[in-house]
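This report concerns only the one structure given below.
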Amino acid sequence: RPPMEQPKAGDGAPQQRQKKSSAAKKAKKGDSGGARPAIKPKKDLQVNRLKGTQLLTVPDFLTSAEAKAFVDVAESMGFTHQGSLGPLKGEAYRDNDRISVTDPLLAQTLWESGINRIFMDINISGKAATGLNPNIRLYRYVEGQRFGRHIDESVHLGDGSRTQYTLLVYLSGKGSAKDSQALVGGETVFYDHRGGIVAEVAPVQGMALLHLHGARCMLHEARFVKKNVKYVLRSDVVFA
């Protein structure tokens, strides 16, 4: 097993400038200057806990149309390659494309569309979940790209607020054998302290995955994409 690989804290990057497109024109503009797809609140979301851990999956958090709208907007804005050859200097091996925007309204919309109800009874060290990190990241993995074993670090946002959970929403995923655009590979895999596999999560379009990060983050990786393109939306759950 390779040693633990840890990315830099914060996962920050400059905001990408939006390029004009029909998809972007149809979407609402965000505070960041980018485009914001419309998201409808979801009722009766199903929450699954994986193997008695703190790993949570939420099927159908986004509809297929909502997920595709995010992909269209992201492609219209343009991705920037993010890479490292880790584990040198404590960095994970990373090879993917990325967009980072600061959009408090989009973070609030995602939170209030159903994530807030999941965290109503979850407290960490006496602190409650208050919303999502307004730093919204969009990832793209083409064939052969992956993100090696790493942990996600907790981030201080000021006023006693700190991120404690990673939120991933898969914008593309596996499909039927007849679907030429179905994703093959790209699983999110979690490991225990001995390197044993705890869980393998195959991307499903619209599904959300939530896991603890910071001091209690499990080592995990995004396996390489074998066919087609993997798109992911990323934010973090803030506690205060």
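Using the alpha-carbon centroid of each, what span in Å lies between the range 60-101 and the range 116-176?
If we compute the Cα centre of each part, the gap is 13 Å.
Ordered by residue, what ³J(HN,Hα) values in Hz, to whole numbers, does the range 228-240 give under the Karplus form 6.51 cos²θ - 1.76 cosθ + 1.60, where θ = phi - 60° and Gly and Pro are x?
Each residue of the range 228-240 in turn: 6, 10, 9, 10, 9, 9, 10, 8, 9, 8, 9, 10, 7 Hz.
PRE reach from Ser161 (point 7 Å along Cα→Cβ): which of the range 225-240 fall under 15 Å by backbone N?
235-240
Name the residues whose placed amide hydrogens come within less than 5 Å of the amide hydrogen of Leu183, ignoring near sequence neighbours (fewer than 5 apart) on the same chain.
For Leu183, whose amide H was placed from the backbone, the distant partners under 5 Å are Gly173, Lys174, Gly175.
Give me the accessible area per residue for the range 48-239, probe 1.4 Å, as a whole number in Å².
43 Å²
Taking H as built 1.01 Å from N, whose amide H comes closer than 5 Å to the amide H of Arg36, not counting residues under 5 places away?
It is Lys28, Lys29, Gly30, by chain and number.
Determine the share of the range 48-239's accessible area contributed by carbon and sulfur atoms, expressed in whole percent, with a 1.4 angstrom probe.
Summing carbon and sulfur atoms, their accessible area is 51 percent of the total for the range 48-239.
Taking a 18 Å limit on the Cα-Cα distance, which of the listed pairs Lys174/Lys227; Lys42/Lys174; Lys43/Lys127; Lys174/Lys230 fall beyond it? Don't skip to the end; give the middle numbers.
Numbers: Lys174/Lys227 10 Å; Lys42/Lys174 22 Å; Lys43/Lys127 25 Å; Lys174/Lys230 9 Å.
Beyond 18 Å: Lys42/Lys174; Lys43/Lys127.
Starting from the Cα of Thr130, step 7 Å along the direction of its Cβ; do the same at Lys227; then give the gap between the two resulting points in nm.
With each label point 7 Å from Cα toward Cβ, the separation is 4.7 nm.
Please state, rounded to one decimal and in Å, the Kirkwood hydrodynamic radius that the range 88-229 gives when every pair of distinct Cα atoms enters the mean of 1/r.
Working: mean 1/r = 0.0604 Å⁻¹.
For the range 88-229, inverting the mean 1/r across all distinct Cα pairs yields 16.6 Å.
The values are calculated or read from the model by the stated rules, or taken from the named source; none is laboratory data. Remember, predicted model here, so these are calculated numbers, not experimental data. Don't worry about glycine lacking a Cβ; one is built from the backbone with ideal geometry, like all the others, and counts go over all protein chains shown. With ligands, DNA and RNA removed, areas are computed over all heavy atoms of the protein, side chains included. Shrake-Rupley method; radii C 1.70, N 1.55, O 1.52, S 1.80 Å.
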